[in-house]
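Below is one structure, written out as C-alpha cells; comments come after it.
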Amino acid sequence: ALRPSDVELCLLDINQPLVCLAYRHAVQALAAHPNVQVCAIHGNFHHLPLYSALRRSAEHRPERRLFTMLGGTLSNLDHELRFLRQSLLDSEPDDLLLLDVQGISAPCSEPTQIRRRDRLFASGVPAQYAAWLGGPIWRHCKEVDEIDFHWNLETHCPVPGSYALHAVATVKSSHRAERQFSLFRFGRYDFTKLTDSLSEIGWEEHGAISYGGEHSIRLYCKRTIHSTEAQ
C-alpha cells in the first residue's frame with residue numbers, strides 16, 4: 001500500500017524442490033508489482049552470513065530488512081538463541097525479525113501438567129506426522145519391520161520458560177535389536193520470557209498477534225548495541 005520504490009524478496013531453503021516451487025509461486029503472485037524483485041537461494045540458513053547475495057555495501061544497503069521464520073521454524077531448532085546470534089550476525093539496527101511461535105500449555109516446571117494439557121503431547125504422534133517423519137527411515141534403513149512413534153518431553157531448554165516435544169521413532173526389525181531416533185523438535189514458549197531472552201541479544205519486541213488459541217506472530221526490531229552492552 002505504501003508503494004516503496006524498491007523491494008527485494010529473497011527465499012532461502014535447503015530443500016531445492018521446495019525453494020524452486022516457492023520462487024515460481026512468488027513470481028506469479030507478485031507479477032503485478034514490478035517494484036518487487038524476487039530471488040531464491042538454495043542454501044542452509046545456519047550459514048546465512050556466508051551468502052553474498054544477502055549482503056549489501058553500505059551505500060546500497062536497503063533501509064530495512066525483514067527476516068521471516070514462519071511455520072514454527074524457530075521451535076524446530078536445537079538452540080534458538082545461538083541460531084539468532086550466529087545466523088543473523090549480519091543484521092543491522094532497525095532490521096526486523098518476524099517469528100511464528102506456539103505458547104506453553106503449562107509451566108516447564110510442571111511436566112505432569114504439560115503431558116496432560118499439551119494437546120499434541122496428550123494425543124500422541126499423529127499418523128500424518130509419523131508418515132512424514134518415518135519416510136527417511138523406511139527409505140534408508142535396512143530390514144525395517146515396524147516404526148513406533150512417541151513424544152519425549154524436554155523441560156530444560158535454551159530459552160527460559162520453554163519446553164519441547166521430541167518425536168522419537170522406535171525402529172523394530174526381526175533381524176536386529178530395536179533402535180531409536182529423535183527426528184524432530186517442537187518447542188513451546190513462555191512469550192514474556194522469550195521476549196526478555198531476545199532483548200538480551202539485541203532484538204526488541206514491537207508487537208504480537210495471537211491466532212489459533214496457542215500460536216502467536218511476533219515482530220522484533222534489532223536495536224543498536226552500545227559499547228557497554230557489547231562488553
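The values are calculated or read from the model by the stated rules, or taken from the named source; none is laboratory data. Computed from a predicted model, the values in this text were never measured in an experiment. Cβ atoms come from the backbone with ideal geometry, glycine included; neighbour counts cover every protein chain shown. Ligands, DNA and RNA are excluded from the accessible area calculation, which covers all protein heavy atoms including side chains. Shrake-Rupley method; radii C 1.70, N 1.55, O 1.52, S 1.80 Å.
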Only one residue in E154, E204, E214, E146 is in contact with a helix residue (DSSP H, G or I) (Cβ under 9 Å, 6 or more places away or on another chain), free of Cβ contacts under 8 Å to residues at least 60 places away in the same chain and open to solvent by 30 Å² or more (accessible area, probe 1.4 Å), so which one is that? E204
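Pick from F181, F186, F191: which is out of contact with any Leu (no Cβ under 8 Å at 6 or more places or on another chain) and either surrounded by fewer than 14 Cβ atoms within 10 Å (Cβ to Cβ) or closer than 24 Å to S87 by Cβ (or both)? Walk me through how you get there before you give the answer.
Values: F181 fails: either surrounded by fewer than 14 Cβ atoms within 10 Å (Cβ to Cβ) or closer than 24 Å to S87 by Cβ (or both); F186 fails: out of contact with any Leu (no Cβ under 8 Å at 6 or more places or on another chain).
One residue alone meets the criteria, F191.
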When only residues in the range 82-139 that are aromatic (F, W, Y) and touching a strand residue (DSSP E or B) at 6+ places or on another chain (Cβ under 7 Å) count, which is surrounded by the most Cβ atoms within 10 Å (Cβ to Cβ)? F121
Please list, ordered by residue number, the helices (runs of 4 or more DSSP H) wholly in the range 96-202 having 3 or more residues that are of a type in the set (G, A, S). 127-140
Residue in the range 1-55 that is farthest from L66 (Cα to Cα), counting only those that are modelled with pLDDT under 85 and in a helix (DSSP H, G or I): S52
Check on L12, under 14 Å from the mean Cα position of the chain (by Cα) and either of a type in the set (V, I, T) or under 20 Å from K222 (Cβ atoms) (or both): yes
